[in-house]
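Where a number appears in this text, it was derived from the coordinates with a stated rule and is not lab data. Note that this is a predicted model, so its numbers are computed, not measured. All Cβ positions, even for glycine, are placed from backbone atoms using ideal geometry, and neighbour counts span all protein chains on display.
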Amino acid sequence: MSRKAINAPGAASVGPYSHAVESGETIYFSGQTPIDPKTGKLVEGDVAAQTAQCFKNLFNVLNSAGLTPDDVVKVNVYLTDMDDFSAMNSVYQKQFSSPYPARTTIGINALPLGAKIEIEMIARRNK
């Protein structure tokens, strides 16, 4: 099975990777940090502001794939400070409707460019 790259116009990449890759009916989204694609810099503010920007970036790619948040089946969240979990979660819960995608939240030491959060997703295209 081959893979098809999906890249969103205006989305930023900080390395040699595709914004998403489609393999069969499954779409794997690269992790997005809270980079403002207009400035190329991290958004300023707390983890809630950074979480919102991550989802703007991810949903831009999701839209480019012809999908919606209802097509997302799994989300991985990486936080540099687990004390930010509640603030992240308050933004996260507004991004999806019930039943929510499966999710894993992992505490890590550091992220590129000093980001507080990175989020990646997996979606499935309905036939």
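A few comments on the model shown:
- Working note: 222 nm ellipticity from helices only, DSSP H runs with n ≥ 4, each -39,500 (n - 2.57), summed and divided by the residues of the chain, gives -6500 deg cm²/dmol to the nearest 500.
- Angle of helix 47-64 to the longest C-alpha principal axis of the chain, folded into 0 to 90 degrees and rounded to 10: 10°.
- Taking each of LYS38/LYS94; LYS41/LYS116; LYS38/LYS74; LYS4/LYS74 in turn, the alpha-carbon distance tops 18 angstrom for LYS38/LYS94; LYS38/LYS74; LYS4/LYS74.
- The dipole here belongs to the chain: it is taken about the Cα centre, uses +1 on the Cβ of Lys and Arg and -1 on the Cβ of Asp and Glu, and is about 460 debye.
- Ranking HIS19, GLN53, ALA115 by how far each Cα lies toward the positive end of the dipole of the chain (charges on Cβ) leaves HIS19 at the top.
- Taking the Cα centre of segment 60-111 as origin and assigning +1 to Lys and Arg Cβ atoms and -1 to Asp and Glu Cβ atoms, the resulting dipole is close to 140 debye.
- Computing volume of the Cα convex hull per residue in Å³ for the structure here picks out one of [x] 114; [y] 128; [z] 106, namely [z].
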